[in-house]
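K.L.:
Just passing along the structure, written as C-alpha cells.
Values in this text are rule-based calculations from the coordinates and carry no lab data. Quick caveat: nothing in here was measured; it's all calculated off a predicted structure. No Cβ is skipped: glycine too gets one built from the backbone with ideal geometry, and neighbour counts run over all protein chains shown.
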Amino acid sequence: MSSVLHPVGPEDKGIYWRRRLVTIVVLLVVIVLAVVGIRALTATDDAAAQGQKLDPSHVASTLTAAPGPSTSPGATPTDSPTDSPADSPTGSATGSPTATGTGAVAPCEPAALTVALTSDATTYGPGKAPRFVVTVTNTSQTACTAEIGSGVRGLVATDASGAQVWSTADCEASTASQVYTIQPSKNRAMTTVWSRLHSAAGCPPDQQAVADGNYTVTATWDQIVTAPLTIALTS
C-alpha cells in the first residue's frame, strides 16, 4: 500500500503520479463507455418489445370500423305486375287473392282500368292447348281495388261462321269473389287454357273436339269487351 501512495523509483515522483492519473482516467473512460453501451442495448431491447405490442386504441378503432352486413333501408317486396291465379285444364281460372288491405283502398273507377287479351301463340298444332291471358291494368296514379273473379270475366270462341263453340261460362266451377289491389301502372293477369273442346250450358260430358280452322276469341271483364284475337287450330 505504501508503494501505491508513495511511488518508489529512479524517476521523479510527479511522473509516477501522472502515469497513475492517466491509467485511472483510461479506466474511468472504459467504465463509462461500458455503462453507455449497456444502457443503449437495454433501450434497444425495450423499443423492440414495445414495437411488438398492439396499441389498444388502434385495435378498438379497427373493430369499430369493421363493416357489418349490408342492408338496404326500406327494402320491402313489391307486387308482381303479372301475378295471376292458377288455372285448371278446363279453362276455369281459379285462385285465392292475397291479403291486400283493401279496406283502406277505394274501388277502381272504370276509366282507370284497361283490359287486354293475349295468347301464347297464334297457331296450335296437334295436342297443343291454347293459353289465353286477360290482363287488367291500372292506368291511374293511385292504387285501387278491382274484382277480377270468374264471376265478372269470361272468354268466348267462335268459328269462321260466327257460331259460338266454347265459353268459360258453360263450365265455370266457381264464381267466388276475388278482389285485388292494383298499384298504379301495374296489372293483374288471369290465365285460362282451352282444351279445344266444344262447350255447352251446364257443361255436359263427352264434348267433342272442335274442327281444325281459325277461331276468334274475345274476353269480357266487368262488361268491358276486349279486342278480338284470332288463332288457328291444326292437326
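K.L.:
Using a Förster radius of 30 Å, what is the FRET efficiency between Ala116 and Ser161 based on their Cβ-Cβ separation? Nearest 0.05, please.
P.N.:
Details: r = 26 Å, r/R0 = 0.87.
Computed FRET efficiency for Ala116 and Ser161: 0.70.
K.L.:
May I pose another question? In whole Hz, what ³J(HN,Hα) sequence does the range 222-229 give by Karplus (6.51, -1.76, 1.60; θ = phi - 60°), x for Gly and Pro?
P.N.:
Computed from phi, the couplings for the range 222-229 are 6, 6, 9, 9, 7, 5, x, 10 Hz.
K.L.:
I've got another one for you. By the scheme Lys and Arg +1, Asp and Glu -1, what is the net charge of all other residues having a beta-carbon under 11 Å from that of Asp222?
P.N.:
Numbers: positive: Arg153; negative: Glu147.
Local net charge: 0.
K.L.:
So for the range 178-235, averaging the separation of alpha carbon pairs under 8 Å that are six or more residues apart and normalising by length, what relative contact order in percent results? Let's see the in-between values first.
P.N.:
Numbers: 46 pairs, mean separation 13.4, N = 58.
Reported as a whole number, the value is 23 percent.
K.L.:
Another one. Explain nothing, just compute: Karplus ³J(HN,Hα) = 6.51 cos²θ - 1.76 cosθ + 1.60, θ = phi - 60°, for every residue of the range 205-219 in order, whole Hz, x for Gly and Pro.
P.N.:
x, 6, 6, 8, 6, 6, 6, 5, x, 8, 9, 9, 10, 10, 10
K.L.:
Note down the Stokes-Einstein diffusion coefficient of the range 102-233 in µm²/s, whole number, using a Kirkwood radius over alpha carbon pairs, 4 °C, and 1.567 mPa s.
P.N.:
After rounding, the answer is 82 µm²/s.
K.L.:
Does the range 99-161 come out rounded, prolate or oblate by the C-alpha gyration tensor, with a ≥ b ≥ c the root eigenvalues, rounded set by a/c under 1.5 and, if not, prolate when a/b is larger than b/c and oblate if not? Before the final figure, lay out each step's value.
P.N.:
On the way: a/c = 2.75, a/b = 2.54, b/c = 1.08.
It is prolate, given that a/c is not under 1.5 and a/b is the larger ratio.
K.L.:
Right, another one. In what sequence do Glu109, Glu147 fall when counting other Cβ within 10 Å, fewest first? Let's see the in-between values first.
P.N.:
Values: Glu109 11, Glu147 17.
The order, fewest Cβ neighbours first, is Glu109, Glu147.
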